[in-house]
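Written below as structure tokens is the structure these notes are about.
Laboratory data are not the source of any read-out in this text; all were calculated from the coordinates shown. Note that the coordinates shown come from a computational prediction; the quantities given were computed from them, not determined experimentally. Note that we place each Cβ from the backbone using ideal geometry, even for glycine, and neighbour counts take in every protein chain shown.
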Amino acid sequence: MNVGPAAALSLLLRRELCLSFRRPDQLLQPLVFFLIVTTLFPLALSPELTLLREMSPGVLWVAALLASLLSMDGLFKGDSEDGTLEQLALSGQSLGLIVAAKTFAHWLVSGAALVLVSPLVGTALAIPVDAFPIMMLSLALGTLTLSWLGAIGAGLTVGLRRGSVLLSLIVLPLAMPLLIFGANATDRAIGGESAAGALYFLAALCVFTSSLAPLAATAALRITLE
Amino acid sequence: MWTWFYRLASPPYVYRVAAAFAPWLLGIAGALIAYGLVDGLAFAPRDYQQGDAFRIIYVHVPASSLSVMAYTLMAVAAAIGLIWRIKVAYAVAAAVAPIGASFTLLTLVTGSLWGKPMWGTYWAWDPRLTSELILLFLYFGVMSLRAAFEDPNRGDRAAALLAIVGVVNVPIIHFSVVWWNSLHQGATILKLGKPQIDATMALPLYAMLLGFLLFFGGVLCLRLRGEVLNRERQASWVREAVKS
């Protein structure tokens, strides 16, 4: 049966989403982790609201980064262990398309979910409501970029037994510019200033990784799959 | 010229050439570094603002330029390995990584020793410092990724891909002092046009730059020999080379 690239893309997306929603606990774990990590900071630092408001962009972004990395490990793991990934690679569709579909579906259930939960965390960290739209936009761009970077790391570490720590070691240095501009955008939104510059930079990083990272992740998978 | 280039892909040839080059490179490097250290630390004039503390540049500047150059070399070797499937290129990439990481560490250490009297702090979260630190983490990532694979060939290629991806950091380090408002001073030596440093101060620095470069080349030759021997330990030429 011949399937065009567009049909293959939608089939893959539906398959990935269907699989994730059948295991809601795995879907929720990163979100709960996100909430717990952000709860730790007021406990460890100080519950004072003015201090919290100053720290909140950094806390929010570090927690979001760690929470999305946590789930990145499983991006290719399940499919590679049961052989589905090899079958997909042999299906005649381009592996790049498959990687892009899987990563985007993964972002929909992890990154986008994180963005939806972020107002809750924002309220707990005393971020003013006016700053929520920019905070959520920056997080959306940031988590999508991180998903592409994470796909490279996940592709490189997929065959390894203890890959998850190595994955963080590989991806976190690459994600540091993201953290800088993301936290900066949120910080400016809280202060009532224009966050346009940082947002443009985040958008540029997002476009850059969206166009090149699928190629790198595909090359990585080709190396580790063989 | 091309035949010479092709022969570089042959492990026994590289093993012999590296052995021939290493003593020369290290010998000249030793002489240049000895001259640079003595002239730079004892005879070059004091800086009118920084006093004697500026003398750390004689170690810091060569180390930092090598830390970036080594990464670029590693990425280029990795790309050559991935594209043309040359085993020696992977050996070069594997041999460069620890040397580059050491130079990066040396850069950070000498920089923070200089920062204490000058900026009043060992460490500042400054773009140049941070991107150099990220470079160190990238070296660690590449080295641990290679080590994590049981199949060395696969580890080589995975590490090669990561090294290439990490190249995005190299222009960020170089331009960080231009793009961001940075504590770290801009380029004074490797700049087109008139250098902004006096010749009596510059001469030992040039000697140190060249000396460090040759030292890097010499150590690379030694490490490359080790890598090639280890990778080719099943080959018959290794048995003969070890016997003789």
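Kirkwood hydrodynamic radius for chain B: how many Å is it when counted over pairs of different Cα atoms?
On the way: mean 1/r = 0.0514 Å⁻¹.
Every distinct Cα pair counted, the radius reaches 19.5 Å.
At residue B:230 and residue A:35, where each label point lies 7 Å from the Cα along Cα→Cβ, what is the point-to-point distance in nanometres?
4.8
How well do other chains shield peptide A:154-164, expressed as the mean number of their Cβ atoms within 10 Å of each residue Cβ?
Values: counts 0, 2, 10, 4, 1, 6, 6, 2, 1, 2, 0.
Mean partner-chain Cβ count within 10 Å for A:154-164: 3.
If I model the protein assembly as shown as equal point scatterers sitting on the Cα atoms and use the Debye formula, what is log10 I(q)/I(0) at q = 0.08, 0.10, 0.12, 0.13 Å⁻¹?
Debye curve over Cα of the protein assembly as shown, log10 I(q)/I(0) at q = 0.08, 0.10, 0.12, 0.13 Å⁻¹: -0.58, -0.87, -1.13, -1.24.
Quick one: which residues, 5 or more positions from residue B:124 or on another chain, have an amide H under 5 Å from its amide H? H modelled 1.01 Å from N in the peptide plane, none for Pro or chain starts.
none
Going through region B:1-86, which chymotrypsin sites (Phe, Trp or Tyr not before Pro) have at most 13 other Cβ atoms within 10 Å and a DSSP loop state? Spell out each step's value before the answer.
Details: sites: B:2, B:4, B:5, B:6, B:13, B:15, B:21, B:24, B:35, B:43, B:48, B:54, B:58, B:71, B:84; in loops: B:48.
Listed in order of number, the matching sites are B:48.
Tell me, Kirkwood radius of region A:5-225 from alpha-carbon pair distances, in Å?
Details: mean 1/r = 0.0561 Å⁻¹.
The Cα-based Kirkwood calculation yields 17.8 Å.
For peptide B:154-163, compute the average count of partner chain beta-carbon atoms within 10 Å of each residue's beta-carbon. Can you show the working numbers first?
Values: counts 5, 2, 1, 7, 11, 2, 2, 10, 7, 0.
Mean inter-chain Cβ contacts per residue within 10 Å come to 5.
Quick one: longest stretch of chain A between exposed loop trypsin sites (Lys or Arg not before Pro), exposed meaning at most 10 other C-beta atoms within 10 Å and loop per DSSP? Numbers along the way, then the final one.
On the way: sites that count: A:161, A:162.
The longest such stretch corresponds to A:1-160.
Can you give the alpha-carbon Rg of region A:98-201 over 2.2 N^0.38 Å, where N counts its residues?
On the way: Rg = 15.1 Å, N = 104, 2.2 N^0.38 = 12.8 Å.
For region A:98-201, the normalised Cα radius of gyration comes out at 1.17.
Need the full-extension length gain, residue B:16 to residue B:72, defined as separation in residues times 0.36 nm minus the C-alpha distance. One decimal, nm. Please report the intermediate quantities before stating the final value.
Values: separation 56, 0.36 × 56 = 20.16 nm, distance 2.48 nm.
Length gained, residue B:16 through residue B:72: 17.7 nm.
Among A:159, A:150, A:111, whose mean-square fluctuation peaks in a Gaussian network model of chain A (Cα, cutoff 10 Å)?
Between A:159, A:150, A:111, it is A:159 that shows the largest mean-square fluctuation.
List the relative contact order of chain B as a percent without decimals, with contacts defined as Cα pairs under 8 Å and 6+ residues apart.
About 35 percent, as a whole number.
Before anything else, pin down the relative contact order of chain A: Cα pairs under 8 Å, at least 6 apart, normalised by residue count, whole percent.
On the way: 256 pairs, mean separation 57.2, N = 226.
Value for chain A: 25 percent.
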